[in-house]
Amino acid sequence: MNKKTTSGISLVALIVTIIVLIILTAAVIVTFMEGGIIEKAKEAVFKSDIRTYQEILLVKKGEEQIKIATGNGGESELNATELADIQKIIPEFKEEYKDLIEISNGEIILGSRSENPYTDWLAELGILTELKKEEAPVIHNETIPEGGIYYVKDSENYECLLGDYSTATETLIGGNSFPTTLNYGDVYVYGDYEYRYGYSFSLSGEAWMAQYSKGNPDLDTSIPLSWGIRVLDSSKTEYEPAISEINNRPVAYLDSTYRDCSNLLKAPLIPNTAINLNYTFTNCTSLIEAPIIPENVTTLHETFYGCISLVSAPVIHENITSAPCLFMGCTSLTGEVIINATNMNEEINMFLNTKKPITLTGSSTILETIAEKYDNVTVAQ
């Protein structure tokens, strides 16, 4: 009898012990999950990897600078996006980071995946630049946001194509609503920019009437009514993205918008409504990274003229019809330049005074015509 009781008690004790162990195990797992211990360990490994990669890239940069200084320079290796290319530079680069981070000009940047679980960790490192992506542009309609100022132009004198708009009187409107009728020369000041309706800005900085719609059959009405834009302060190192639409009319003319912004390092996102990018970044001598050129843009006259720090070119898409002096004087530009423009009728001096090796690729039929004008420009075989 005693033996049976002892045996029974031992079985119950074993079951209780197992249950207690299960509860304790579950509690430990919950503690780990809630405390983020696993996540923190993963974060530590990731940051350690990134720092290692940056150290390797720093060494590679130093090696390239020595090659350039001794006259033994060649095409840079520090502009890789594919895993195989990155692993040529960093053998330890992990497969799991593919499409999450990329190497560009010796820096680690965010990759192409839209949902990047490492974004916050990358930002915390403070050594990374974000890769520009196509994003929905900012739109301002109906209500003038806080900080915005709107002036209505009073003068009706629009006889001259080139004119000094400053001689016309302007009236500051009250309230917080855009006017129901827009007039040529209306000015909207918001954030980093001045927007002027129906006008663009010339290479000299003067405003000129870009379009007409006064019922005169002799005036050009083929261009849609839209806004021109320029920065208010040309000394800044960065600018917020421009507005794409104001009071239901597009921002189309970015002529001379950032011209002579010599401290600008990274181009802001260009509104998808833009059609002209003439002189947009002329003499932005510190500009390293070019923006994505929206599909609506057709003209690129001297867009990056004198951008001596620019190292890589944007894709010249199929809708571009004119690009004279586009990269003239871009002495740091090198690597692949993709030109898909099939109807480009003006490309004179496109790569004049560039110095480093440039390889043309793309679907354009005039790649050979362009390349034969320059000793440092070739067409990919």
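The values are calculated or read from the model by the stated rules, or taken from the named source; none is laboratory data. This is a predicted model, so every value here is computed, not measured. Here Cβ is always computed from backbone atoms with ideal geometry, including for glycine, and neighbour counts include all displayed protein chains. The protein model used for the area step is the full one, side chains on, heavy atoms only, and it has no ligands, DNA or RNA in it. Shrake-Rupley method; radii C 1.70, N 1.55, O 1.52, S 1.80 Å.
Listed values, structure above:
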read-out: Selection status of Lys214, basic (Lys, Arg), modelled with pLDDT of 90 or more, surrounded by fewer than 19 Cβ atoms within 10 Å (Cβ to Cβ) and farther than 23 Å from Thr298 by Cβ; value: no
read-out: The stretch 336-349 - residue that is surrounded by fewer than 18 Cβ atoms within 10 Å (Cβ to Cβ) and of a type in the set (Asp, Glu) and, of those, modelled with the highest pLDDT; value: Glu336
read-out: Which numbered condition Tyr305 misses (of (1) touching a strand residue (DSSP E or B) at 6+ places or on another chain (Cβ under 6 Å); (2) open to solvent by 50 Å² or more (accessible area, probe 1.4 Å); (3) touching a residue at least 24 places away in the same chain (Cβ under 8 Å)); value: (1)
read-out: Extreme residue, nearest to Pro291 (Cα to Cα), among residues of the stretch 357-377 that are open to solvent by 30 Å² or more (accessible area, probe 1.4 Å) and touching a residue at least 40 places away in the same chain (Cβ under 8 Å); value: Gly362
read-out: Subset of the stretch 308-330 [in contact with a Cys (Cβ under 9 Å, 6 or more places away or on another chain) and either at positive phi or open to solvent by 40 Å² or more (accessible area, probe 1.4 Å) (or both)]; value: Ile308, Gly329
read-out: Filter result for the condition that a residue is part of a loop (DSSP other than H, G, I, E, B), surrounded by 18 or more Cβ atoms within 10 Å (Cβ to Cβ) and touching a Phe, Trp or Tyr at 6+ places or on another chain (Cβ under 8 Å), over Leu352, Leu333; value: Leu333
read-out: Any pair with Cβ under 6 angstrom, 6 or more apart, that starts in the stretch 181-203 at a residue that is within 12 Å of Arg249 (Cβ to Cβ) and in a strand (DSSP E or B) and ends at one that is open to solvent by 10 Å² or more (accessible area, probe 1.4 Å) and not hydroxyl-bearing (Ser, Thr, Tyr); value: Tyr197/Leu182
read-out: Residue in the stretch 268-282 that is more than 17 Å from Met328 (Cα to Cα), under 15 Å from the mean Cα position of the chain (by Cα) and either open to solvent by 70 Å² or more (accessible area, probe 1.4 Å) or among the hydroxyl-bearing types (Ser, Thr, Tyr) (or both) present; value: no
read-out: Members of the stretch 254-267 that are more than 11 Å from the chain's Cα centre (by Cα) and of a type outside the set (A, V, I, L, M, F, W, C); value: Asp255, Ser256, Thr257, Tyr258, Arg259, Asp260, Ser262, Asn263
read-out: So Gly126, is it open to solvent by 30 Å² or more (accessible area, probe 1.4 Å), closer than 21 Å to Glu240 by Cβ and modelled with pLDDT under 70; value: yes
